[in-house]
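Worksheet: one structure, shown below.
The values are calculated or read from the model by the stated rules, or taken from the named source; none is laboratory data. A quick note: this is a predicted structure, and the numbers were derived from the prediction, not measured. Cβ placement follows ideal geometry from the backbone for every residue including glycine, while neighbour counts extend to all protein chains displayed.
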């Protein structure tokens with residue numbers, strides 16, 4: 001009975017996504033159009049890619065509240081490089097390197113100072129936001145090469161290019177989690193950090209690694225965001241931390257660590273993307289979306305805690 005209940009809870013996000021998709025297909029004649037579905041993919045790509053990095057962090061038992069601020073800093077730094085005459089690939093590299101650097105900082109502060117990641121990343125959120133506004137003067141970065149738009153808006157054989165980027169990124173993170181030492185140790189650290197230490201796992205090194213990877217993915221997402229807006233926005237990413245964490249939790253990740261998957265995270269992000277798209281199509285107040293996301297996080301965590309208590313008996 002317990003096994004059946006646990007399996008049902010794991011399938012719940014997938015069933016919810018299917019149910020939401022069917023409901024919107026019936027409720028709005030515009031939902032199933034190729035234009036609208038491509039729009040959903042493009043709108044959710046940034047959150048999806050950031051959520052893949054957050055999956056690693058949450059599986060390890062951590063949290064990162066600074067992902068939105070890292071996205072803003074990386075996007076501004078990368079677009080400033082391109083606006084200054086550097087080729088697009090240099091701008092992309094600058095964005096990813098800046099994101100990685102912020103991730104490394106988060107990991108190092110967490111492990112060396114032994115401060116809870118919630119506090120560390122709350123602090124770096126403010127630092128990154130402030131530095132981004134100073135760097136940009138509070139103004140958007142313009143004058144970007146027109147070819148940059150292909151990253152976020154281009155099509156390849158009728159498929160949004162950004163979807164191919166997302167699938168490639170998801171594949172790499174999945175292999176990392178399921179097939180590598182980093183992935184195995186990440187699950188072990190999140191499940192029981194003391195047991196991981198006694199087993200000889202270099203916890204600090206692998207903790208820093210997962211934060212660095214998450215930062216790099218925020219850097220990649222920042223340039224996708226910039227390519228869709230064709231500006232580098234110093235205020236970009238506000239509130240994204242809530243959506244990113246929600247995607248992982250809705251997809252079955254546990255905020256206590258040790259649980260989470262790439263497939264679940266993708267499903268969680270697309271559920272939120274469909275909720276946002278459906279709200280627009282059906283004329284629902286967009287501000288209600290934040291309340292819905294908050295409620296879903298509470299519900300998902302409550303179900304996870306109830307499942308753990310049931311299996312502990």
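Mind listing just one residue for me: the one in the stretch 110-122 that is in contact with a helix residue (DSSP H, G or I) (Cβ under 9 Å, 6 or more places away or on another chain) and in contact (Cβ under 8 Å) with a residue 12 or more places away in the chain and, of those, surrounded by the fewest Cβ atoms within 10 Å (Cβ to Cβ)? Among those that are in contact with a helix residue (DSSP H, G or I) (Cβ under 9 Å, 6 or more places away or on another chain) and in contact (Cβ under 8 Å) with a residue 12 or more places away in the chain, it is 112. You will find that of 199, 195, 212, the residue that is touching a helix residue (DSSP H, G or I) at 6+ places or on another chain (Cβ under 9 Å) and modelled with pLDDT of 95 or more is 212 and no other.
Does residue 238 satisfy the criteria of being in contact with a helix residue (DSSP H, G or I) (Cβ under 9 Å, 6 or more places away or on another chain), surrounded by fewer than 18 Cβ atoms within 10 Å (Cβ to Cβ) and at pLDDT below 90? The answer is yes for residue 238. When each of 177, 164 is tested for being outside any strand (DSSP E or B) and touching a strand residue (DSSP E or B) at 6+ places or on another chain (Cβ under 8 Å), the lone residue that passes is 164.
Yes/no matrix, rows are residues, columns are (1) in contact (Cβ under 8 Å) with a residue 60 or more places away in the chain; (2) farther than 20 Å from residue 56 by Cβ; (3) surrounded by 16 or more Cβ atoms within 10 Å (Cβ to Cβ); (4) in contact with a helix residue (DSSP H, G or I) (Cβ under 8 Å, 6 or more places away or on another chain):
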{"site": "108", "(1), (2), (3), (4)": "yes, no, yes, yes"}
{"site": "134", "(1), (2), (3), (4)": "no, yes, no, no"}
{"site": "139", "(1), (2), (3), (4)": "yes, yes, no, no"}
{"site": "160", "(1), (2), (3), (4)": "yes, yes, yes, yes"}
